[in-house]
């Protein structure tokens, strides 16, 4: 069986000329996220703002309207009810209670009392105000550290210009994925932070592959300008970029469909992040190098070659 | 390239076989595996992956020990002894009171300041005494304060452990976290509210006399005799109770729920010291009432009909069977030195856990199938090689999780699924490179050789960066997220091994056997 070529060989797309299109898309996404952060802002989950989440299953289909009236009459402030999956399943969110931790615990007990004993409590999460702030802080620190550590590694393995580009591109991907959470008003919780960190790792993976090829081409064609190098490298790695993104998306697709409520946001974020990450390694990370001080061309001395020349046969 | 050192071949094959053996127990029914563990020779691996609370069901509770209360109580006691000693030494004072981690008072007569300072020093070791004018301030040294707080946390952990053990929870994990927190992991707990109720009481019990020189009505009007206090009663009323403790609850050696006249009661037994004190006190006060006080609430206030000399007794307090059980348990386990606050609770019922495992399995299998089809379509025979490596990659993950006894969580399953997608990346890099090398006219062997060599640095660079992100997730993440970082890290390392070594071995064998003129890639 002859393997299929999903990506045609010998592509010669002029990515460098298309970069303005990429910059416009990125710029709009970043601008949108920045505006969205101010209003309506992130839909912070209980991990960060404190509060209560209860997932319960009733023996028969739930009368959501009746239950809503009942729970909102408890004086616990806003109680959100959300049905998902089966009509017997309900997700109850109670806002953070005024006062200290004891008030939160009392609220859980009150909701349990109201629902009665026929319900099966599948999940109960309570985060007090003291912990909420800490978790938020840790999440932000972890994300910033991860992006910085990754960029430092790239700067160490390549030239510093690559490190700066990688830093901007990774930050771009994380930021724009935060934007997705705003647009869809997905709950932003600890799992979302994990998704962002995973995505940072994935997107840099993609970028490094392109950078690696550029480094190789720069050694090979010493006098070729950056535009040529970028176009050549991106085109040569295009097959791999699309295949790997494809397998990863295929792998997490079932998770999106069957993963259940707990992982839903995580998978959506990854799905979107992989798309953005693939796009950014081509249009942001590589194209940014054009605007950096010239990169030192290291490597062993070789005869001057141009990309159009006949291939050499030496290894 | 075509040469593959024999020891390397043996190593790769041996590692793959070992991973199969270690991963195998996870395919079997858990109960069966436990049974096997007893029948099989002990060198065979029988450990399975540890399931996280979100998969097996259970409660995760983060508690904070309110150590401020310990310091506060200590300072209140210090104020009491200062009052007595100052009076005995005939030193006039005003404004005596507790301050943060210390006490302070003003000496009336300047001439007494020096005596007052040395008196304050003698109250307790580790006191730092300062004066400004006639004001004497005695504070605990920072080290002493920290030591007291730390001791309170340690003691709380011990009491929490005893209380949890009494509830019959299997394999609870109780860990200190940070300075003043306790992390409680309770697998399989189906009623976390009861656990919270049990931990929500300090359970300090005292036996004290009811103050019969006054009435509740008088006390409610604000006329409480010095040395007494007004406490709420469990039956809804109030009692005026002496502050002085007749017998303290820490002299109890046993406590059991039982029945009297068909109603649930709690029986208790004192140690010899407690029994003697209780015997003497009841002998001298027949006809009077004493109060059983638990956490500043009067449970009951019976009349002493006759001296209680046997060192045991019962408490009637309108209990239900459950509350009698719980009180007996609390008295057996002992009092907490300070109140505990539940900062965070995450409970997953066994039903959701089982559903999550099932969902994870389906997602992983479907994802695996999709990737296998995709790789076969894209790279033909080489795609099949990559697929075999991918399956080994998954067995490596499970073998590593079983050996390390790391915890598999729901996000951990997501990590495995993500690894399935990313693991083939290394092979994709290699195969794409081989295609390029073939395109510029290399022979099959030279192209494959160059493909593996050139792709290697790219693979290492790209995987190490992902590993950095995973490592940070592990350091900063809590519970379930840590689980994700673990599977992702193991997956990355395993994928580098399988992609580089396992597929390469297969390619070498294929090259030797068929000596191909072209590469079907």
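Rule-based calculations on the coordinates, nothing more; no lab input. Given the structure is predicted, the values throughout are model-derived calculations rather than measurements. Ideal geometry is used to build each Cβ from the backbone, glycine not excepted, and the neighbour counts take in all protein chains shown.
Details
- Springs join every pair of Cα atoms under 10 Å in this Gaussian network model of chain A, and among A:43, A:235, A:72 the largest mean-square fluctuation is at A:72.
- Mean-position separation - Cα centroids, segment B:445-485 and segment B:257-282, in angstrom: 66
- Take the convex hull of the alpha carbons in segment B:204-318; its mean projected area over all directions comes to 7.1 nm².
- For the pair residue B:154 and residue B:288 in one chain, pulling the backbone fully straight at 0.36 nm per residue adds 44.3 nm over the alpha carbon distance.
- Stretch gain in nm, segment residue B:191-residue B:90, where the contour uses 0.36 nm per residue and the Cα spacing is subtracted: 30.6 nm
- Using distinct alpha-carbon pairs, which all enter the 1/r mean, Kirkwood radius of segment A:127-169 in Å: 11.5
- Take the Cα of residue B:218, go 7 Å toward its beta carbon, and the backbone nitrogen atoms of segment B:236-277 under 16 Å from that spot belong to B:239-243.
- Among A:56, A:195, A:169, the largest mean-square fluctuation in a Gaussian network model of chain A, built with springs joining Cα atoms closer than 10 Å, belongs to A:56.
- The calculated 222 nm mean residue ellipticity attributable to helices in the protein assembly as shown amounts to -19000 deg cm²/dmol, summing -39500 (n - 2.57) over DSSP H runs of n ≥ 4 and dividing by all residues.
- Cβ-based exposure ranking for A:20, B:238, B:431, A:158, in which fewest neighbours within 10 Å come first: A:20, B:238, A:158, B:431
- Rounded D (µm²/s) - segment B:119-230, Kirkwood Rh over Cα pairs, Stokes-Einstein at 10 °C, 1.306 mPa s: 84
- Rg over Rh for chain B works out to 1.20, both radii taken from alpha-carbon positions and Rh defined as the Kirkwood radius.
- Rough spin-label spacing in nm, given labels placed 7 Å along Cα→Cβ, for residue A:113 and residue B:273: 4.1
- Other protein chain Cβ atoms within 10 Å, averaged over every residue that makes up B:372-384: 3
- Distribution of pairwise C-alpha distances over the protein assembly as shown, 10 Å bins, in %: 2, 11, 17, 18, 16, 12, 10, 7, 4, 2, 1, 0
- The Cα-based radius of gyration of segment A:51-127, divided by its Kirkwood radius, gives an Rg/Rh of 0.94.
- Centroid-to-centroid separation of segment A:259-295 and segment B:400-441 [C-alpha atoms, Å]: 19
- Remark: spin-label model distance residue B:142-residue B:110 equals 3.5 nm, labels positioned 7 Å along the Cα→Cβ axis.
- For segment B:308-353 and segment A:47-121, distance of Cα centres in Å: 26
- You can think of it this way: the chain between residue B:72 and residue B:296 has 79.0 nm of extra reach, that is 0.36 nm per residue less the Cα-Cα gap.
- Counting neighbouring Cβ atoms within 10 Å and putting the fewest first, the residues B:119, A:126 line up as B:119, A:126.
- Taking the number of Cβ atoms within 10 Å of each Cβ as an exposure proxy, the fewest-first ranking of B:165, B:95 is B:95, B:165.
- Quarter of the Cα convex hull surface for segment B:253-391, i.e. its orientation-mean projected area (nm²): 15.5
- Per residue of B:407-417, other chain Cβ atoms within 10 Å of the residue Cβ number 4 on average.
- A Förster radius of 45 Å combined with the Cβ-Cβ distance from residue B:259 to residue B:124 puts the calculated FRET efficiency at roughly 0.45.
- When DSSP beta bridges are restricted to pairs lying wholly in the protein assembly as shown, around 95% turn out antiparallel.
- Share of pairwise Cα-Cα distances greater than 14 Å in segment A:186-240 is 61 percent (whole percent).
- The orientation-averaged projected area of the convex hull spanned by the Cα atoms of chain A comes to 21.3 nm².
- R0 of 41 Å, Cβ-Cβ distance residue A:9-residue B:17: FRET efficiency to nearest 0.05: 0.60
- With eigenvalues of the C-alpha gyration tensor scaled by 5 and rooted, segment B:91-176, Å: 42, 11, 9
- Candidates A:114, A:177, A:198: whichever shows maximal mean-square fluctuation once chain A is modelled as a Gaussian network with Cα springs under 10 Å: A:114
- Highest-first packing order for the peptide set B:80-88, B:363-371 is B:363-371, B:80-88, based on the mean count of other beta carbon atoms within 10 Å.
- Averaged over B:348-360, number of beta-carbon atoms from partner chains that fall within 10 Å: 5
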